[in-house]
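Below is one structure, written out as structure tokens, with a few remarks after it.
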Amino acid sequence: MNYKVIVDAGHGGDDPGAVSGNLKEKDFTLEAANYMYNRFRELGVPVAITRDVDKTLTREERLNTMTNTFGNGPEVIILSNHINAGGGEGAEIVYPLRSTDVLAKSILEEIGSEGQIMRKYYQRRLPENPSKDYYYIMRETPNTTSLLIEYGFIDNANDVKKLQNNLLDYVEAVVRAVARYIGVPYVSPGGITEETYTVQKGDSLYSIAQRFNTTVDKLKELNNLTSNNLSIGQVLIISEAKGPEKPSGDYIVHTVKKGDTLYSIAREYETTVDEILKLNNLGTTALSIGQTLKIPQKTQSSLTYTVQKGDSLWKIANNFGVSVDSIIQANNLSGTNLSIGQQLIIPSTTTTPPSTPPEEDTTQLYVVKSGDSLWSIARQFNTTVAEIRRENNLTTDVLQVGQLLRIPGSGGNNDMIYYVKSGDSLWKIANQFGTTVDEIKNKNGLTTNVLQIGQQLIIPN
Ligand SMILES: [Zn+2]
């Protein structure tokens, strides 16, 4: 087959996607998509991109690029780049009902080989019509191989750190998996070509290992083989061509936005214009929107968060997966009162592993309704008050109506959090996610149809 690739940068313009603090999904997806697009061009794969700058795309515009550039056949591989939200950690791939799991699985494994947690690859069905795909980029892209890639969670402190430092490694992993899948020789960004061998009649792992001066174990590891069986025509990777090691010293990647200057960026990241010029080999201070810049990383491994309207210590702690106490300590706070615009240090959580293994994350989100108590919620979900306290780092048993709780061990984790944006209505959101206004109201204990910008809604699976 003559494969072609469509690279999609999720969201954009008026639609920031998932938001956490001053991080927006649309910035990460743009950075990922631009990089991915350039890499496929370098590999000589026909490729198109849905947007290469920060702009709003209608559903029709997005679909138009996806289905009218190279046609609608399975040889058209659509890679839609996204960042997840709503309680979890790691990467997920969604693939269409019409496709096999081969490419999705291999993409997830490659991202995993770069150090990201592999959550799952799966198909997602439209609730009111389970014969159809949940996401329109699969439902309305006839026979294409359309995949949704979620690199990590924007509201998980560990993932945020990875997205800021390693996102392009994960994108490169996707490029590698796709190149192998479509049979295009993979050349790393450093120019090293991957060596592959096509299995012939009479070959064994042992004979191939001998011929290429390697070992059976190494071949099995490189190719994720669980047995010694080979089939004729199978393509084996003989030697890897991962990118060259990054220069020492971590850095953050910043995508230039409208209004950015080197000076404003330097100030934002507490570094200097000179440092940025040096790290990026820039000969000029002129920037273009969408350009990516490496920003020297401060030595501390914590994040800074600016308090927004409606924030509470509890909410912030929950968002970053840390405890209220650790924030109080890190900032020497004398009370729990916050002021809008206040800068908080969010301590790193890398030393405390999550309480449940992420692959088996079965927590569910629940919005506290009038009359609820920890005890009644625990009973409703067949768990204990202590479990809920632990999962949510609660320091008090007092609940507030509208408060978001993570309920451990209560089933599927397929509910999503949606952040209400300007122009949204319940009807529009229900439509977008293939659910109903009543379902959303029920799930969130809403008594009115009035929404507020920034409000978090649980979208039922
Ligand atoms: Zn998204």
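The values are calculated or read from the model by the stated rules, or taken from the named source; none is laboratory data. Everything numeric in this text was worked out from a predicted model, so none of it was measured. Cβ: placed from backbone, ideal geometry, glycine included. Neighbour counts: every protein chain shown.
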From the list 260, 250, 274, 217, pick out the single residue that is charged (D, E, K, R), within 24 Å of residue 111 (Cα to Cα) and modelled with pLDDT under 85. 250
Considering only the stretch 113-224, give the helices (runs of 4 or more DSSP H) lying wholly within it that have at least 3 residues that are surrounded by fewer than 17 Cβ atoms within 10 Å (Cβ to Cβ). 205-211, 216-222
With the condition being within 14 Å of the ligand (Cβ to nearest atom) and surrounded by 16 or more Cβ atoms within 10 Å (Cβ to Cβ), I'd like the strands (runs of 3 or more DSSP E) fully within the stretch 1-112 carrying at least 3 qualifying residues. 76-84, 91-94
When the residues of the stretch 343-388 are filtered to those that are exposed (fewer than 15 other Cβ atoms within 10 Å of the Cβ) and in contact with a strand residue (DSSP E or B) (Cβ under 7 Å, 6 or more places away or on another chain), which remaining residue is modelled with the lowest pLDDT? 359
Looking across the stretch 397-409 at residues that are at pLDDT 80 or above and not in a strand (DSSP E or B), the single one that is surrounded by the most Cβ atoms within 10 Å (Cβ to Cβ) is 399
Note on the stretch 226-238: residues surrounded by fewer than 16 Cβ atoms within 10 Å (Cβ to Cβ) and either in contact (Cβ under 8 Å) with a residue 12 or more places away in the chain or within 29 Å of the chain's Cα centre (by Cα) (or both) are 226, 228, 231, 232, 233, 234, 235
Evaluate the following for residue 316: is it touching a Phe, Trp or Tyr at 6+ places or on another chain (Cβ under 6 Å), surrounded by 15 or more Cβ atoms within 10 Å (Cβ to Cβ) and modelled with pLDDT of 80 or more? no
All but one of (1) part of a loop (DSSP other than H, G, I, E, B); (2) modelled with pLDDT under 80; (3) out of contact with any Leu (no Cβ under 7 Å at 6 or more places or on another chain) hold for residue 340, so report the exception by its number. (2)
